[in-house]
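Visitor: Here it is: the structure, laid out below.
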Amino acid sequence: MPDNNVQQYDVIIVGGGPAGSACALALANCGLKTALIDKASFPRNKVCGDAIPGRAIKVLNSINPLYGTAFKQFPYKFESKRTTVFYKRQQVTFNWVLEAYTCARMEFDYFLHTLVKENTATDIYTNTSPDKISVVNNKATLSVNGKTFEAPVIVGADGAHSIVAKQLTSNIVDRNHYVGSVRAYYSNIPVESSNTIEVYFDKRFLPSYLWVFPLPDNKANVGFGMLSSEVSKRKINLKKTFYEFIDQNAVLRQKFRNATQVSELEGFGLPLGSKIQTISGNNFMLIGDAASLIDPISGDGIGNAMLSGKLAAEQIVRCFTRNDFSAAFIKGYDNALIGALGKELRARYQMQRTISQMPFLLDGLFLASRSKFLKKFIQKAL
Ligand SMILES: Cc1cc2nc3c(=O)[nH]c(=O)nc-3n(C[C@H](O)[C@H](O)[C@H](O)COP(=O)(O)OP(=O)(O)OC[C@H]3O[C@@H](n4cnc5c(N)ncnc54)[C@H](O)[C@@H]3O)c2cc1C
């Protein structure tokens, strides 16, 4: 006899950010009864740099080209066409290859959330967070405010502080592979162009950087982050350093002369994809920040989060086809993710280590980018 107090699903996704939304969108036409649970209600704030990388747009288009077209028409964004890098009074501009944007996460995540709401049969539960998650007898069980949810597969898309990861794996935060970061919104910052994002290096903090990313309504997202192991070792106060960075850099000081800070300076962590972690097991998968997939150099995580959501959805379909939710079979997800991102993340981690051990290489990069040929080469590597 079915227990009426238990909500039965085929798939339960915990977390409706870019990773969870992409997963729900990719499952749309698979005929699986899907629930998406988020502790917040949308639109909601997310501490981020608000740079929507090319990979995010590519994944959105690959799930359904109409979603890509809808985002092209979405008004609350700027297209990003280039990055200007500032270092020791020099500056160099690199053009981007892929279509990318800046868009406040309040808007971007709500856009994705609305796509899920309007284009899928997903049951969405907001202001809802599971208390206990367990895997017993080939089923994942979640207790949520006294109710029970059950499914053969649960997807942990609940970000950097994932409770799915905490309860189903022994993963722990490793400060050598985790960035502490702060960001605030400003108004009235003169930017080179709304299509150019700006990145400022300071030799004391390499390879970390301060970013100024333009947004509509005369706003900009400004932030700074550093490897957590360095923050602890050097006893760095990130909030204080953020303001000092702006104050001690001549270009930034001039740029911020008439600027107004219009939001609180908020902090949040970035779990980097530079360390192998458990990302799946019997009846579960982790995606996005819950699986630690952020680029160790750029700090971009939205594209990788969405890609992992799509790859998890593809594995879920294979699991239902074979009626196999075992760790051994679900590992197909790990393999697909490693195939797609492994080489890139390893190379980016190597780059991060090299620049922090040999900061003079950044001077070399500026020198090299004076040559048109080498600049093209660097552009590709970035
Ligand atoms: C300061 C900073 C700057 C960044 N800048 C950039 C950038 O410019 N570009 C870029 O690509 N990436 C950037 N990143 C990384 C990017 O923010 C993440 O990689 C991305 O948000 C990951 O998406 P996600 O869906 O995995 O997680 P999230 O976006 O964190 O979404 C997780 C969702 O899960 C929900 N949730 C959390 N806990 C629970 C729970 N217990 N129960 C139910 N729901 C829960 C949350 O409400 C949220 O909606 C930045 C990160 C930081 C901290």
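Visitor: Residues of the range 293-320 being more than 18 Å from ALA24 (Cα to Cα) and either out of contact with any Gly (no Cβ under 8 Å at 6 or more places or on another chain) or not assigned by TED's automatic domain parsing to the domain that holds VAL47 (or both), which ones?
Guide: Within the range 293-320, ILE297, SER298, ASP300 meet the criteria.
Visitor: Exactly one of these conditions fails for GLN8: (1) touching a helix residue (DSSP H, G or I) at 6+ places or on another chain (Cβ under 9 Å); (2) away from the ligand (no atom under 11 Å from the Cβ). Give me its number.
Guide: Single failed check for GLN8: (1).
Visitor: Also, I was wondering about something else. Regarding the range 36-49, can at least one residue be identified that is in contact (Cβ under 8 Å) with a residue 60 or more places away in the chain, crowded, with 21+ Cβ neighbours inside 10 Å, polar (S, T, N, Q) and under 18 Å from THR114 (Cβ atoms)?
Guide: Taking every residue of the range 36-49 in turn, none turns out to be in contact (Cβ under 8 Å) with a residue 60 or more places away in the chain, crowded, with 21+ Cβ neighbours inside 10 Å, polar (S, T, N, Q) and under 18 Å from THR114 (Cβ atoms).
Visitor: If I filter the range 272-299 down to residues being under 12 Å from GLY225 (Cβ atoms) and near the ligand (Cβ under 7 Å from one of its atoms), which single residue comes out as modelled with the lowest pLDDT?
Guide: GLY299
Visitor: Oh, and also: Looking at VAL11, is it surrounded by fewer than 16 Cβ atoms within 10 Å (Cβ to Cβ) and more than 16 Å from the chain's Cα centre (by Cα)?
Guide: No.
Visitor: Of all the residues that make up the range 1-55, how many are hydrophobic (A, V, I, L, M, F, W, C) and out of contact with any Leu (no Cβ under 8 Å at 6 or more places or on another chain)?
Guide: The total comes to 17.
Visitor: Here is a list of conditions, (1) outside any strand (DSSP E or B); (2) more than 16 Å from the ligand (Cβ to nearest atom); (3) modelled with pLDDT of 95 or more, and VAL135 meets all of them except one; can you say which number that is?
Guide: The one condition VAL135 does not meet is (1).
Visitor: Would you pick out the residues in the range 161-190 that are in contact with a Pro (Cβ under 9 Å, 6 or more places away or on another chain), closer than 26 Å to PRO207 by Cα and surrounded by 19 or more Cβ atoms within 10 Å (Cβ to Cβ)?
Guide: Of everything in the range 161-190, those that are in contact with a Pro (Cβ under 9 Å, 6 or more places away or on another chain), closer than 26 Å to PRO207 by Cα and surrounded by 19 or more Cβ atoms within 10 Å (Cβ to Cβ) turn out to be HIS177, TYR178, VAL179, ILE189.
Visitor: Further question: Output the residue which, of all residues in the range 142-171 that are modelled with pLDDT under 95 and part of a loop (DSSP other than H, G, I, E, B), is nearest to the chain's Cα centre (by Cα).
Guide: By that ranking, first place goes to ASN145.
Visitor: Now, a different point. Restrict the check to the range 176-183 and report whether at least one residue is within 15 Å of the ligand (Cβ to nearest atom), of a type in the set (A, V, I, L, M, F, W, C) and not assigned by TED's automatic domain parsing to the domain that holds LEU311.
Guide: Yes, the range 176-183 contains a residue that is within 15 Å of the ligand (Cβ to nearest atom), of a type in the set (A, V, I, L, M, F, W, C) and not assigned by TED's automatic domain parsing to the domain that holds LEU311.
Visitor: Take LEU210 and tell me if it is under 30 Å from ALA312 (Cα atoms) and either buried (at least 22 other Cβ atoms within 10 Å of the Cβ) or among the hydrophobic types (A, V, I, L, M, F, W, C) (or both).
Guide: No.
Visitor: Being buried (at least 21 other Cβ atoms within 10 Å of the Cβ), over 15 Å from the mean Cα position of the chain (by Cα) and among the aliphatic types (A, V, I, L, M) is the requirement here; does ILE52 meet it?
Guide: no
The values are calculated or read from the model by the stated rules, or taken from the named source; none is laboratory data. Predicted model only: the values in this text are computed from it and were never measured. Methodologically, a virtual Cβ is constructed for each residue, glycine included, from the backbone with ideal geometry; neighbour enumeration extends over all protein chains shown.
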